[in-house]
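Read through the structure below, which is laid out as structure tokens, and then see the notes.
The values are calculated or read from the model by the stated rules, or taken from the named source; none is laboratory data. The structure presented is a predicted model; accordingly, all values stated were derived computationally and were not measured. Here Cβ is always computed from backbone atoms with ideal geometry, including for glycine, and neighbour counts include all displayed protein chains.
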Amino acid sequence: MKKKLLLLFVLMLTVAGVLAACGDNESTGSDDTKDKNEENNGDDGSAEEDGDVFVLGEEPLDITMFGNYDWYTMPQWGADVATEWIKENKKVNISSIDSGGNAEQKLTTMIVSGELPDFIWTDRGATVERLREGGQLVALDPYLDKYTNLRDWFGEQGINMLRSEDGKLYQFPNWYNSQPFGNAGYVVNKGIYEELGSPSLETTEDLYEYLKLVKENYPDVVPFETDIDGQGINVLYSAFAEGESPANINNVAVPNGDKLSSIFTDEAYVESLKYVSKLFRERLMTQDALTQDADMVREKVSSGQIAVYAGASPTDYARSGHYHLQEQDPDGGYFMIWPIHEEGLDKNEIYPGSYNMMGWNVSVITKSAEDPEKVFAFLDWLTGPEGQSSLIFGPEGEYWDGFNDQGLPQFTEKYYEDAEGLAKVEEDTVNFQWNGNSNFLDTAKAEFELTLPEDKQNWTTQWQHTITWETQYDATQYLNISPLPESEEGIIQQRIGEIFEEARAQAVYAQSDEEVEKIMQNAEKSAQDVGYEKLLEFQTAKWQENLSTLEE
């Protein structure tokens, strides 16, 4: 692990150096390069604006993209019903540059060669800022008034939160929303639950007793499933803390007044690890919680070999699993429960997941794009009503037909009669969802589903409306509080991350509460030795800046 992190750090420095060189050499580049940059961008590095609006479908548009993730491989554009329609009717063709399982290295190679794609799909933060500082990105501000879906649905406050230090917008957000959204929480196997007498599942003690009952009666079933990377472990943290969420785990910091403090000394976090450790050593939870892959989880959920399932988005697998189990038993399937809480805490202050108005990740348009405005026009169309409806629900005429007076899609009877077919459309396009509009989609689904009888409602939408959206924490205030990896604070953060992951794994395997406490104490000491306090001061300052921006 340390060798991998060292190699990654060296690679990051390489990328930073290359980008810095790109920025320094911008004024001394070849005439061809200068001509292209001047054509695509103004003197200040932002895109020029002209009066003509580009309309998709009037001429062919070929776009290249790169998904900056080791796991990401874009399916063939046009091979599914949704993108086939877009390709034929909007004349847009997307081709992807594959990461080859090593996205960071591939990105570095493209930067060195000067052959970046038209747009890059990546996490917010370090990668975006390195590309911006290296002069590789197109500012999007001049397009916002010409192509208005992003501004209309995302809003000025969200746009301002995504602006870089130079005051310009370079990032097109994915799955943004101004309202609570998210799917984190607990899914329960209905058949097993009812056969065991439908006991109370509200407190951590209730859950523990239920999992023991499952183990006694169903030896081949996993009592508590945690999804990949131990997501369910993070969800359980929320059961021990009012007004907090797993966002603290992602930040490796906990709010304490107007400052961020150590997670290793946070009482709620330590108590949650004691609980998890007990479940693990009593074999009440999956024994490969920290090592299993997505296919393993999907198979267990689909076959019904789990009793309780917690994760950041357990509905992804539980939805199809629910319909599959109902084919075998109409009374079976899955349902969701209100988040588990420790006895004595307010159940309405428990947040198993978090959301932020910026959503997940972003797309950035590079200066390699021949016509960046057309690329933006496509992304803006894709995030708008027609683009989102076509991508998620398929071409107009099957599951939806036109828009109502609120601008939302009018769903057909087939929308609820063919839940599996509808789910397949969305599953086929999941790796094309680069700039999802949760504001639009969540509102559209909820408005329609509420008009249907309960047994006709889409499984995921039903639970989103009744449980998950009400129990997600707004973590917008914690966005962009991480330092650049090559900075002093960034190096500290990498070391803290190592300490955190090692301590969490040790705690899961601990044989007693006392051992968990000792592990956390040692982790705190190790963290402070490598400069944890300096990192917390940096994060606190960024956090306070965010709070000020959100108050404007």
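The single residue among E449, E426, E489, E470 that is of a type in the set (D, E) and touching a residue at least 60 places away in the same chain (Cβ under 8 Å) turns out to be E470.
Among the residues of the range 468-524, those identified as outside any helix (DSSP H, G or I) and within 30 Å of A318 (Cβ to Cβ) are Q472, Y473, D474, A475, L479, Y509, A510.
Yes or no, residue by residue, for (1) in the same structural domain as T468 (by TED's automatic domain parsing); (2) farther than 16 Å from F66 by Cα; (3) hydrophobic (A, V, I, L, M, F, W, C):
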{"site": "W338", "(1), (2), (3)": "yes, yes, yes"}
{"site": "E342", "(1), (2), (3)": "yes, yes, no"}
{"site": "L345", "(1), (2), (3)": "yes, yes, yes"}
{"site": "N356", "(1), (2), (3)": "no, yes, no"}
{"site": "K367", "(1), (2), (3)": "no, no, no"}
{"site": "P372", "(1), (2), (3)": "no, no, no"}
{"site": "A377", "(1), (2), (3)": "no, yes, yes"}
{"site": "D380", "(1), (2), (3)": "no, yes, no"}
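For F448, the conditions (1) closer than 26 Å to K347 by Cα; (2) aromatic (F, W, Y); (3) buried (at least 20 other Cβ atoms within 10 Å of the Cβ) all hold with the exception of (1). The single condition among (1) over 22 Å from Y237 (Cβ atoms); (2) surrounded by fewer than 18 Cβ atoms within 10 Å (Cβ to Cβ); (3) more than 27 Å from the chain's Cα centre (by Cα) that E205 does not meet is (1).
Quick one: is E225 of a type outside the set (A, V, I, L, M) and surrounded by fewer than 16 Cβ atoms within 10 Å (Cβ to Cβ)? No; evaluated as a whole, the condition is false for this residue.
Suppose we filter D229, D206 for residues that are assigned by TED's automatic domain parsing to the domain that holds I481 and modelled with pLDDT of 95 or more; which single one remains? Give the steps one after another, and end with the answer.
On the way: D229 fails: modelled with pLDDT of 95 or more.
Testing whether each residue is assigned by TED's automatic domain parsing to the domain that holds I481 and modelled with pLDDT of 95 or more leaves just D206.
Do you know which residues across the range 260-296 are small (G, A, S) and either at pLDDT below 95 or in a helix (DSSP H, G or I) (or both)? Residues satisfying the conditions are A268, S272, S277, A289, A294. The number of residues in the range 375-386 being in contact (Cβ under 8 Å) with a residue 40 or more places away in the chain and surrounded by fewer than 22 Cβ atoms within 10 Å (Cβ to Cβ) comes to 3. Take the residues in the range 73-93 that are in contact with a Leu (Cβ under 9 Å, 6 or more places away or on another chain) and among the aliphatic types (A, V, I, L, M); name whichever of them is surrounded by the most Cβ atoms within 10 Å (Cβ to Cβ). Filtering the range 73-93 for residues that are in contact with a Leu (Cβ under 9 Å, 6 or more places away or on another chain) and among the aliphatic types (A, V, I, L, M), the one surrounded by the most Cβ atoms within 10 Å (Cβ to Cβ) comes out as I86. Scanning the range 477-529 for residues that are modelled with pLDDT under 95 and either among the hydrophobic types (A, V, I, L, M, F, W, C) or exposed (fewer than 15 other Cβ atoms within 10 Å of the Cβ) (or both) yields L479, I481, L484, S487.
Using the structure shown, decide if N251 is of a type outside the set (D, E, K, R) and touching a residue at least 40 places away in the same chain (Cβ under 8 Å).
Details: of a type outside the set (D, E, K, R): yes; touching a residue at least 40 places away in the same chain (Cβ under 8 Å): yes.
Taking the combined requirement at face value, the residue satisfies it.
The set of residues in the range 324-344 being modelled with pLDDT under 95 and assigned to a helix (DSSP H, G or I) consists of H324, Q326, E327, Q328. Considering (1) buried (at least 22 other Cβ atoms within 10 Å of the Cβ); (2) touching a residue at least 60 places away in the same chain (Cβ under 8 Å); (3) part of a helix (DSSP H, G or I), the lone condition that D316 does not fulfil carries the number (1). Only one of the numbered conditions (1) surrounded by 15 or more Cβ atoms within 10 Å (Cβ to Cβ); (2) within 28 Å of the chain's Cα centre (by Cα) is violated by E537, and that is (1).
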